[in-house]
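Asker: Have a look at this one.
The values are calculated or read from the model by the stated rules, or taken from the named source; none is laboratory data. Being a predicted model, the structure only gives us computed values, none of them experimental. No Cβ is skipped: glycine too gets one built from the backbone with ideal geometry, and neighbour counts run over all protein chains shown. To get the accessible areas, we keep the full protein, side chains included, count just its heavy atoms, and leave off ligands, DNA and RNA. Shrake-Rupley method; radii C 1.70, N 1.55, O 1.52, S 1.80 Å.
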Amino acid sequence: MNIAPSSPRRCNLILHCGAAAVSRRELASVPTPQPTHTWMPIAHTKVLAQIERTLKANDIEVLGEAHSLTADGQRYFGLLEVRHGHNANDYSWVLGLRNSHDKTFPAGIVAGVQVFVCDNLSFSGEVKLARRHTRFILRDLPTLAHTAVSRIVEQWHTQDQRIAAYGATSVTDAKAHDIVIRAADVGAITNRHIPEVLREWREPRHSDFAPRTAWSLFNAFTEGLKGNLSLLPERTTALQGLFDSKFGFRLHGKN
């Protein structure tokens, strides 16, 4: 296995409102709150280090990284660009990491992809490392991380199948307009995103998305969703659910 370089190239992390890109040193400087009898917060760097050890044990190479914190350091979101064997030519696998010190959400990881031509990100299927930060979380963290990474790898392979199916599916303007409205109905986008998505669908800024396919439409959505990383996993997961139902995608590509 190739071990991640000491200074990996940075992913193009799309920052969400109220957060800023930070270095590993800055991430390590964030103090971890004192635990209570029922709550055991985890240092952001402990989550990152454990996931990296688990990836290495599963022969998954880290190609790049990026990290962000809210201004008070209470919430962390990181991205690791990874490779496990052969990767696609037009997008890469990314792993999203989340952790909080304010009880907003538990530590967790989420499978994702990043499209090279536009740096659009989409995620699916977050796996929590614990239901909450309980007193035994540090003891159980290696086992939880191993289980989570195993499930994430399965989701990546499903995502490869999904993207291939989207690219092979033609979409009419009428169908695209219907899906845009339905996406607002299921909370994948807000009403203010509708004009942005339609504009990107009608006049894509990237020639790769000129073909009238479900993949081009999906990227019209993710182009419009840039800028709020904290909500992106939930929104793109909802978007994939809508696309899968409308275009008949099933696990392993079986319609």
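Asker: Given the structure, is residue 130 in contact with a strand residue (DSSP E or B) (Cβ under 6 Å, 6 or more places away or on another chain) and either not in a loop (DSSP other than H, G, I, E, B) or not basic (Lys, Arg) (or both)? Give the derivation first.
Answerer: Working: in contact with a strand residue (DSSP E or B) (Cβ under 6 Å, 6 or more places away or on another chain): no; either not in a loop (DSSP other than H, G, I, E, B) or not basic (Lys, Arg) (or both): yes.
When the stated conditions are applied, residue 130 does not pass them.
Yes or no, residue by residue, for (1) surrounded by 18 or more Cβ atoms within 10 Å (Cβ to Cβ); (2) modelled with pLDDT of 95 or more; (3) among the β-branched types (Val, Ile, Thr):
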{"site": "199", "(1), (2), (3)": "no, yes, no"}
{"site": "202", "(1), (2), (3)": "no, yes, no"}
{"site": "208", "(1), (2), (3)": "no, yes, no"}
{"site": "215", "(1), (2), (3)": "yes, yes, no"}
{"site": "219", "(1), (2), (3)": "yes, yes, no"}
{"site": "226", "(1), (2), (3)": "no, no, no"}
{"site": "230", "(1), (2), (3)": "yes, no, no"}
{"site": "243", "(1), (2), (3)": "yes, yes, no"}
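Asker: Residue 183 - would you say it is closer than 27 Å to residue 95 by Cβ, assigned to a helix (DSSP H, G or I), at pLDDT 95 or above and of a type in the set (A, V, I, L, M, F, W, C)? Spell out how you get there, then give the answer.
Answerer: Working: closer than 27 Å to residue 95 by Cβ: yes; assigned to a helix (DSSP H, G or I): yes; at pLDDT 95 or above: yes; of a type in the set (A, V, I, L, M, F, W, C): yes.
In short, yes.
Asker: Would you tally the residues in the stretch 71-81 being open to solvent by 30 Å² or more (accessible area, probe 1.4 Å) and either in contact with a Cys (Cβ under 7 Å, 6 or more places away or on another chain) or in contact (Cβ under 8 Å) with a residue 40 or more places away in the chain (or both)?
Answerer: Going through the stretch 71-81, the residues open to solvent by 30 Å² or more (accessible area, probe 1.4 Å) turn out to be 71-72, 74-75.
This time we only want the ones that are either in contact with a Cys (Cβ under 7 Å, 6 or more places away or on another chain) or in contact (Cβ under 8 Å) with a residue 40 or more places away in the chain (or both), so: 71, 75.
Adding up the residues that qualify gives 2.
Asker: Being in a helix (DSSP H, G or I), under 28 Å from residue 59 (Cα atoms), among the β-branched types (Val, Ile, Thr) and in contact (Cβ under 8 Å) with a residue 12 or more places away in the chain: is that true of residue 153 here?
Answerer: Details: in a helix (DSSP H, G or I): yes; under 28 Å from residue 59 (Cα atoms): yes; among the β-branched types (Val, Ile, Thr): yes; in contact (Cβ under 8 Å) with a residue 12 or more places away in the chain: yes.
It is true that residue 153 is in a helix (DSSP H, G or I), under 28 Å from residue 59 (Cα atoms), among the β-branched types (Val, Ile, Thr) and in contact (Cβ under 8 Å) with a residue 12 or more places away in the chain.
Asker: Do we have any residue at all in the stretch 120-127 that's out of contact with any Pro (no Cβ under 8 Å at 6 or more places or on another chain), in a strand (DSSP E or B), under 26 Å from residue 154 (Cβ atoms) and modelled with pLDDT under 85?
Answerer: Yes, that holds for at least one residue.
Asker: Restricting to the stretch 51-75, name every residue that is out of contact with any Ser or Thr (no Cβ under 7 Å at 6 or more places or on another chain) and part of a strand (DSSP E or B). Lay out the reasoning, then the answer.
Answerer: Let us first name the residues in the stretch 51-75 that are out of contact with any Ser or Thr (no Cβ under 7 Å at 6 or more places or on another chain), namely 51-73.
Of everything in the stretch 51-75, those that are out of contact with any Ser or Thr (no Cβ under 7 Å at 6 or more places or on another chain) and part of a strand (DSSP E or B) turn out to be 61, 62, 63, 64, 65, 66, 67, 68, 69, 70.
Asker: Sticking with this one: Where residues in the stretch 25-42 are closer than 24 Å to residue 94 by Cβ and crowded, with 18+ Cβ neighbours inside 10 Å, which of them is modelled with the lowest pLDDT? Show your work before the answer.
Answerer: The initial filter retains those residues of the stretch 25-42 that are closer than 24 Å to residue 94 by Cβ, namely 25-28, 30, 42.
Those still in the list that are crowded, with 18+ Cβ neighbours inside 10 Å too: 27, 42.
Numbers: 27: 95, 42: 91.
Only one residue tops the list, namely 42.
Asker: Now a separate question. When the residues of the stretch 187-197 are filtered to those that are touching a residue at least 40 places away in the same chain (Cβ under 8 Å) and over 20 Å from residue 159 (Cα atoms), which remaining residue is least open to solvent (accessible area, probe 1.4 Å)?
Answerer: Within the stretch 187-197, the first condition is being touching a residue at least 40 places away in the same chain (Cβ under 8 Å), and the residues that meet it are 187-189.
Remaining after also requiring over 20 Å from residue 159 (Cα atoms): 187, 189.
Details: 187: 42, 189: 6 Å².
Going through the qualifying residues, I end up with 189.
Asker: Follow-up question, since we're still on this one. Could you list, in sequence order, the residues of the stretch 82-107 that are among the aromatic types (Phe, Trp, Tyr) and open to solvent by less than 20 Å² (accessible area, probe 1.4 Å)? Working first, answer last.
Answerer: Initially, the stretch 82-107 is screened for residues among the aromatic types (Phe, Trp, Tyr), giving 91, 93, 105.
Across the stretch 82-107, the qualifying residues are 91, 93.
Asker: Tell me, which residue of the stretch 78-92 that is small (Gly, Ala, Ser) and within 20 Å of residue 166 (Cβ to Cβ) is modelled with the highest pLDDT?
Answerer: Narrowing the stretch 78-92 to residues small (Gly, Ala, Ser): 78, 85, 88, 92.
Within this subset, residues satisfying the condition of being within 20 Å of residue 166 (Cβ to Cβ) are 88, 92.
Numbers: 88: 82, 92: 91.
Filtering first and then ranking leaves 92.
Asker: Right, another one. Limited to the stretch 74-131, what total is found for residues that are closer than 28 Å to residue 216 by Cβ and either out of contact with any Lys or Arg (no Cβ under 8 Å at 6 or more places or on another chain) or of a type outside the set (S, T, N, Q) (or both)? Give the steps one after another, and end with the answer.
Answerer: First, the residues of the stretch 74-131 that are closer than 28 Å to residue 216 by Cβ: 77, 79-96, 110-126.
If we keep only those that are either out of contact with any Lys or Arg (no Cβ under 8 Å at 6 or more places or on another chain) or of a type outside the set (S, T, N, Q) (or both) too, we end up with 77, 79-91, 93-96, 110-119, 121-126.
Qualifying residue count for the region: 34.
Asker: Further question: Please count how many residues of the stretch 125-137 are touching a residue at least 60 places away in the same chain (Cβ under 8 Å) and surrounded by 16 or more Cβ atoms within 10 Å (Cβ to Cβ). First the steps, then the outcome.
Answerer: Going through the stretch 125-137, the residues touching a residue at least 60 places away in the same chain (Cβ under 8 Å) turn out to be 125-126, 129, 132-137.
So of that shortlist, the ones also surrounded by 16 or more Cβ atoms within 10 Å (Cβ to Cβ) come out as 125-126, 129, 133, 137.
Residues meeting the conditions: 5.
Conditions (1) under 15 Å from residue 166 (Cα atoms); (2) in a helix (DSSP H, G or I); (3) in contact with a Ser or Thr (Cβ under 8 Å, 6 or more places away or on another chain), marked per residue:
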position: 188; (1), (2), (3): no, no, yes
position: 204; (1), (2), (3): no, no, yes
position: 235; (1), (2), (3): no, yes, no
position: 241; (1), (2), (3): yes, yes, no
position: 244; (1), (2), (3): yes, yes, no
